[in-house]
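The values are calculated or read from the model by the stated rules, or taken from the named source; none is laboratory data. On a predicted model such as this, the values are computed, not experimentally measured, just so you know. Counting neighbours? That spans all protein chains shown, and the Cβs are built from the backbone with ideal geometry, glycine included. For accessibility, only protein heavy atoms count, side chains too; no ligands or nucleic acids. Shrake-Rupley method; radii C 1.70, N 1.55, O 1.52, S 1.80 Å.
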Amino acid sequence: MQLGFFTMPIHPLDKDWRQSLREDQEAFILADELGFSEGYVGEHSTDLAENITSCSLFLATLIRSTKQIRLGTGTVNLPNSHPARVAAEIAMLDHLLDGRLIFGISPGGLPSDAEAFGSLGADRNAMFVEAIDQVLEIWRSEPPYNITGKFWTISTERTMIPDIGQGFLPKPLQRPHPPIVVTVVAPFSKGVAEAAARGWEPISANFLMPQWVRSHWPGYVEGCKRAGRPALSENWRVAKSVFVADDEATARAYATDPDSPYRFYYNQLLLKMKRAGRAELFKTDRSQSDESVTLDNVCDKLIIYGTPDKVADQILSFQEETGEFGTLLYAGHDWRDRELARRSMVLMAEKVMPKINAATRTRQSDAA
């Protein structure tokens, strides 16, 4: 199992924005130093808590301070931008990163973003599909472009000057394009099958109950079968909220106390999802009422915490529930205590993952 990093950071509203941005950058730099294989960051434009407004711009600040980690947009919310702009920015970012970029995409799920960008009542899934189709067509084709859709039209036919390079949209360094991943946030998602059929790989969100995470694998298998390619568990990424400490008391306090950044994170998400009619994500049974979904229950089910030994055992148990996956994405949370937050990442990389992989090798050997 590979270890990666994924953050859709949720910070206290009164925290200095500069401090939260610096700490988020530090988390990626530390992940790189610890050998994390990849790291993703989300984006929202209209949320004071989820305050990274452009994942591409944020990743650009890490170009010189990271060495080996592959960096991913997690995700570009495609309906919020013009496809030509996305194609150009992602192509440039891929070159700046010397091909270390992973292109994460989604329709975007924050209603206030949709309202701000004028698409609240629109079919954002249709916008998403059109946008990525147009981005890929830009990278595939040569100018002058004549790409017409329902939502956007892209052309440089009237203004192109080939001799001086005017009218050309850039192509990424990785050909035909960077690897594409999609976040999967719904139980029994139909989107995961469509994504797999197009050659894209899934990331299962860290705010889904284990049984809903497990529901993504059959869809992935179906989509891969349609595309005539093998469904490999090593290509499945699963995010999880984890906190590791040297002693159990510290771990429990930081993960569960009333002022815990983990409880703050899930309180924010629970309120947003209930307001958006998506409380199902946090249910253990689809027939469960929204009112019965409490913060205590959500935190109890979705936060893994403890000493390295305990955390390793919990992650192995989690994987038994979900099925095998290739990369565990350690979910980033606010650094209420900088030293404890950093220590958790160190212990995760240096103590927890070796135990998980040793146990996996033993299990595979016994099975053989």
Subject >> Among THR75, SER65, TYR145 the positive-end extreme of the charge dipole of the chain (Cβ point charges) >> reply: TYR145
Original post:
Where the only charges are on Cβ atoms (+1 Lys, Arg; -1 Asp, Glu), what is the dipole of the stretch 243-287 about its Cα centre, to the nearest 20 debye?
Top reply: 560
**OP:** For THR362, tell me the accessible area in Å² from a 1.4 Å probe, rounded to the nearest 10.
**Re:** 80
Subject >> Alpha carbon centroid spacing (whole Å) that separates the stretch 290-316 from the stretch 45-102 >> reply: 30
**OP:** At q = 0.07, 0.10 Å⁻¹, work out log10 I(q)/I(0) for the chain with the Debye formula, treating every Cα as an identical point scatterer and leaving solvent out; two decimals please.
**Re:** -0.31, -0.63
Original post:
With contacts defined as alpha carbon pairs under 8 Å and 6 or more residues apart, what's the relative contact order of the chain in percent?
Top reply: 18
Original post:
Which ³J(HN,Hα) values in Hz, rounded to whole numbers, follow from the phi angles of the stretch 118-129 under the Karplus curve 6.51 cos²θ - 1.76 cosθ + 1.60, where θ = phi - 60° and Gly and Pro get x?
Top reply: x, 10, 4, x, 7, 7, 5, 5, 5, 4, 4, 5
Original post:
Can you work out D for the stretch 76-216 in µm² s⁻¹ from Stokes-Einstein, where Rh is the Kirkwood radius over C-alpha pairs, the temperature is 20 °C and the viscosity is 1.002 mPa s?
Top reply: 131
Subject >> Solution diffusion estimate, µm²/s, Stokes-Einstein, the stretch 1-152, Kirkwood Rh from C-alpha pairs, 25 °C, viscosity 0.890 mPa s >> reply: 150
Original post:
Do any of LYS190/LYS301; LYS310/LYS351; LYS240/LYS351; LYS240/LYS283 go past 19 Å between their Cα atoms, and which?
Top reply: LYS190/LYS301
Subject >> Solvent-accessible area of ILE63 with every protein chain in place, 1.4 Å probe, in Å² to the nearest 10 >> reply: 20
Original post:
Can you give the convex hull volume per residue for the Cα atoms of the stretch 261-324, as a whole number of Å³?
Top reply: 96
**OP:** For the stretch 145-152, just list the computed ³J(HN,Hα) in residue order, Karplus coefficients 6.51, -1.76 and 1.60, θ = phi - 60°, integers in Hz, with x standing in for Gly and Pro.
**Re:** 7, 8, 10, 10, x, 6, 9, 9
**OP:** Give me the percent of the accessible area of the chain that comes from carbon and sulfur atoms, probe 1.4 Å, all protein chains in place.
**Re:** 51
**OP:** For the stretch 224-337, report the translational diffusion coefficient in µm²/s to the nearest whole number, using Stokes-Einstein at 4 °C, 1.567 mPa s, and a Kirkwood Rh over Cα pairs.
**Re:** 82
**OP:** Considering the options PHE36, LEU269, THR360, tell which one lies farthest towards the positive end of the dipole of the chain, charges being +1 on Lys and Arg and -1 on Asp and Glu at the Cβ, about the Cα centre.
**Re:** THR360
Original post:
How much area per residue is accessible in the stretch 101-168 when the probe is 1.4 Å and only protein heavy atoms are counted (Å²)?
Top reply: 53
Original post:
To the nearest 10 degrees, how steeply does helix 338-347 sit against the main Cα axis of the chain, on a 0 to 90 scale?
Top reply: 90
**OP:** Let me know the volume per residue of the alpha-carbon convex hull for the stretch 1-75, in Å³.
**Re:** 81
Original post:
Once the whole set of protein chains is in place, how much accessible area is left on PHE243, using a 1.4 Å probe, in Å² to the nearest 10?
Top reply: 0
**OP:** Counting helices only, and only those DSSP H runs with n ≥ 4, report the 222 nm mean residue ellipticity of the chain as the sum of -39,500 (n - 2.57) divided by its residues, in deg cm²/dmol to the nearest 500.
**Re:** -13000 deg cm²/dmol
Original post:
Amide H of THR7: which non-local residues (sequence gap of 5 or more, or other chain) have their own amide H closer than 5 Å, using H built in the peptide plane?
Top reply: TYR40, VAL41, GLY42, GLY332
Original post:
In whole Å, how far is the Cα centre of the stretch 126-204 from that of the stretch 6-40?
Top reply: 28
Original post:
Which residue fluctuates the most in the chain, going by a Gaussian network model with Cα springs under 10 Å, if the choices are GLY72, GLY167, GLY109?
Top reply: GLY167
